[in-house]
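The values are calculated or read from the model by the stated rules, or taken from the named source; none is laboratory data. Computed from a predicted model, the values in this text were never measured in an experiment. Cβ atoms come from the backbone with ideal geometry, glycine included; neighbour counts cover every protein chain shown.
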Amino acid sequence: MRAIMASREKRLSSEIADLAAVINTAACDVNRWSDVARAVQDFIPGSKILFQVVEEESTAVHQVVHSGFNNKTIQAYGDYYWKVNPWTKGANEMHMSSFKSSSDLYPEKLLWQTEFFTDFVDHERECDAATALKFAAHKERYALLAVHHDFRHHQQMHARGKALLQTLVPALRSALEVNRLTNPTFHLSGGRGLIDQLVDPAIVLDPDCRLLASNAPANKLLADARVLRVKARDIVEMRNVQASAAFARLVRDSCAILQDRARPNDLIVNARSGSYTVTCVPMAIDQTNALPAGLLSIFAPRTVAMVIVRPHAPEDRSALIGELRLHFGLTKAEVSLILEFERGGTLSEIAERVGVSRSTIQTHLKAIFAKTGTTRQRDVVTLVTRHRALRKQFFLEDS
């Protein structure tokens, strides 16, 4: 009897080692997660395997990797039934690296009365119970592995599935992290072609400043590393601490623009190679069509920032006039007068320089005070100074 038990344990250890090897293969190739699903299914006869990236707010369905399910079933799930899945709420509340049976996620008697069961699960057959494992998370998403089986054998299948999955949690989580590190570029629908058409250096970053894509001019700029450089984990930064902090805020705020925020102002950086304007443009990602392969979708951002680096030109007086007019609702004559205030002088001296009467200057000044909420010429000049300062400039030292 002991010999038989020892033989079984040896065979089990060998099978688990083989399964771990398949997971390691998926770590290097995101398209091999389907092999992991098949290997788990082979290890647990009578099961059907489903890997899924779940969004807690359920605003989108992400790609699933499966084995044993009918492809039409998976298609129907992606088209509609994920929205009415009664197991999702319980899965959202699971702790990381924890297991739950489908009975714990949602009682069977209630499940059998749902549209999800009668119109979907029951048609697939032998998948009306499951063992769920939450094994990885990133921000508002988590990765879930579900071993589905026939409810009539639920206790036996749950025990076997849990015993196996407990040994695989570290390998599964590590594989996803390696996926992230070895696949820096997501498939960005429309974004890839857009940046490649730009003459100026352009890169696409996630809210954490992680590099997702870059065009040829940007590759040269990053290789030169005098303005932007790529550090560990594909994080893009600038050459000094203050500039990097401002750059990170610019990217983060740009990615949050769809949350009713105004587009942040550009940065101006000065290096030995010249002065540059850094502009961030938010890009919304189509969560159903632009996700990376397989479980890597857990890391896909909802919004990314396209960063464009252009040579910085000296201040354009006409551009400044336009910005002040738009911001305060001023007329062109009123803005021109404000810029004269910067040069200094009394109202009579300014009137003489501009070529109008002193009373005309006073009339314009009253309108300026009313529109800008100021009461003195000095306050008006301060407003212009602050407006210029909104475009922060940083000087990057070469090392």
Does the stretch 50-73 contain at least one residue that is aromatic (F, W, Y), modelled with pLDDT under 90 and out of contact with any Cys (no Cβ under 7 Å at 6 or more places or on another chain)?
no
Between a first residue in the stretch 71-96 that is assigned by TED's automatic domain parsing to the domain that holds H138 and a second residue that is modelled with pLDDT of 90 or more and loosely packed, with under 13 Cβ neighbours inside 10 Å, which pairs have beta carbons less than 8 Å apart while being 6 or more apart in sequence or on different chains?
V84/E115; P86/L110
Number of positions in the stretch 106-145 that are aliphatic (A, V, I, L, M) and under 29 Å from the mean Cα position of the chain (by Cα):
7
What is the one condition in (1) in a helix (DSSP H, G or I); (2) surrounded by 14 or more Cβ atoms within 10 Å (Cβ to Cβ); (3) modelled with pLDDT under 75; (4) not charged (D, E, K, R) that S318 does not satisfy?
(2)
Six or more apart or on different chains, Cβ atoms under 8 Å: show the pairs whose first residue is in the stretch 306-323 and under 15 Å from A202 (Cα atoms) and whose second is modelled with pLDDT under 65.
M306/G191
Inside the stretch 284-308, can you point out the residues that are more than 16 Å from Y142 (Cα to Cα) and either at pLDDT 65 or above or outside the structural domain of I203 (by TED's automatic domain parsing) (or both)?
A284, I285, T303, V304, A305, M306, V307, I308
Result of the Cβ filter at 7 Å on the stretch 357-373, keeping first residues that are more than 16 Å from V384 (Cα to Cα) and partners that are loosely packed, with under 12 Cβ neighbours inside 10 Å, at least 6 apart or interchain, is R358/S348
Can you confirm whether A246 is part of a helix (DSSP H, G or I), among the aliphatic types (A, V, I, L, M) and modelled with pLDDT of 75 or more?
yes
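Rundown of residues vs (1) loosely packed, with under 15 Cβ neighbours inside 10 Å; (2) modelled with pLDDT of 90 or more; (3) part of a loop (DSSP other than H, G, I, E, B), yes/no style:
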| position | (1), (2), (3) |
| --- | --- |
| S103 | no, yes, no |
| D122 | yes, no, no |
| L133 | no, yes, no |
| A146 | no, yes, no |
| H153 | yes, no, no |
| M157 | no, no, no |
| Q166 | yes, no, no |
| S174 | yes, no, no |
